[in-house]
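Here's the structure, in structure tokens; my notes come after.
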Amino acid sequence: MTGAGQAGLSVREVLAYLVGMFDGEGCLTINIEKDLRKRFISETGGWRIIPCVQFTNSDNGIVRHIAQLLATLRYHPSIQRYGNGSTHVRLFRMEEVKRFCTEARRYSCGEKAKQLAIFVDRLIPIFDARPYVGTDALRRSWTKELFLRAIDSVDEINQHKRTRRSARKYTREYFDELWGMLADDPTKARFNH
């Protein structure tokens, strides 16, 4: 580990620092979106859940430092700058999000620790239980049952956020209503599955 070793920090110290930054300036974001390309191969009609670990700061030096430290731990962070001066360092790769959340859980505290616990204990096993698509050992698809179980966990994670995401559109109630209506109308079900 070149960067952390050069700074005289152990892997544990680097991780503890990153988790402190995550607790203060980061978030576990779980996006719910529809991928129209997969609407016919997925039982959910192309709906998917995409977790992301994000650090936000307006100091570009701190942002670069966070990205460098993540890279020393073999993560692949991406940096995105916005017009308002804020910059995000993000982990998008599923295996990296899972690994960071699992490792971060040891050092995190407060509401973020609760979010990480739900993600690690409940959501990761649901992600891992998704069936494979065809013979591809890398691609997985959602069943409605697993998707709804995952949405329940996402809703619970969102309850532990500072800004309550009650205004979020894609909740369990949304999908119950969406798929409940589809089940009642076979003509709609045919086009959305």
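Here, each number is a calculation from the coordinates, and none is a lab measurement. Treat the numbers as computed from the prediction; the structure is a model and nothing was measured. Neighbour counts run over all protein chains shown; Cβ positions are idealised from the backbone, glycine included.
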* Structure fact -> Quick note, the chain: a/c under 1.5 would make it rounded; otherwise a/b > b/c is prolate and the rest oblate (a ≥ b ≥ c, C-alpha gyration tensor); here it is prolate
* With a 10 Å Cβ neighbour count serving as the proxy for reagent exposure, in which order, fewest first, do Leu146, Leu28 appear? -> Leu146, Leu28
* **Relative exposure of Ile118, Ile79, Ile126, judged by other C-beta atoms within 10 Å (fewest first)** => Ile79, Ile126, Ile118
* **With Cα atoms, 0 to 90° folded angle of helix 11-25 axis to the chain main axis** => 60 degrees
* Asked: Roughly how tilted is helix 60-72, in degrees to the nearest 10 and between 0 and 90, from the longest Cα axis of the chain?
  -> 80 degrees
* Which of Met94, Gly45, Ser108, positive extreme of dipole for region 28-116 (C-beta unit charges) -> Gly45
* Structure fact -> Rounded to the nearest Å, the spacing of the alpha-carbon centers of region 10-71 and region 83-154 is 10 Å
* Asked: Given only helices, namely DSSP H runs of n ≥ 4 each adding -39500 (n - 2.57), what is the per-residue ellipticity at 222 nm of the chain, to the nearest 500 deg cm²/dmol?
  -> -14500 deg cm²/dmol
* Multiply the residue separation of Tyr82 and Asp176 by 0.36 nm, subtract the distance between their alpha-carbon atoms, and state the gained length in nm to one decimal. => 30.3 nm
* Counting only C-alpha contacts under 8 Å and six or more residues apart, can you give the relative contact order of region 30-155 as a whole percent? => 21 percent
* Going by alpha carbons, how many degrees (0 to 90, nearest 10) lie between the helix axis of 94-104 and the longest principal axis of the chain? -> 50 degrees
* Asked: Mind listing which chymotrypsin sites (Phe, Trp or Tyr not before Pro) in region 47-83 are in a DSSP loop and have 12 or fewer other Cβ atoms within 10 Å?
  -> Tyr82
* Exposure proxy order (Cβ contacts within 10 Å, fewest to most) of Met21, Met94 -> Met94, Met21
* Asked: For the chain, modelled as a GNM with alpha-carbon contacts under 10 angstrom, which of Gly45, Gly20, Gly134 fluctuates the most?
  -> Gly134
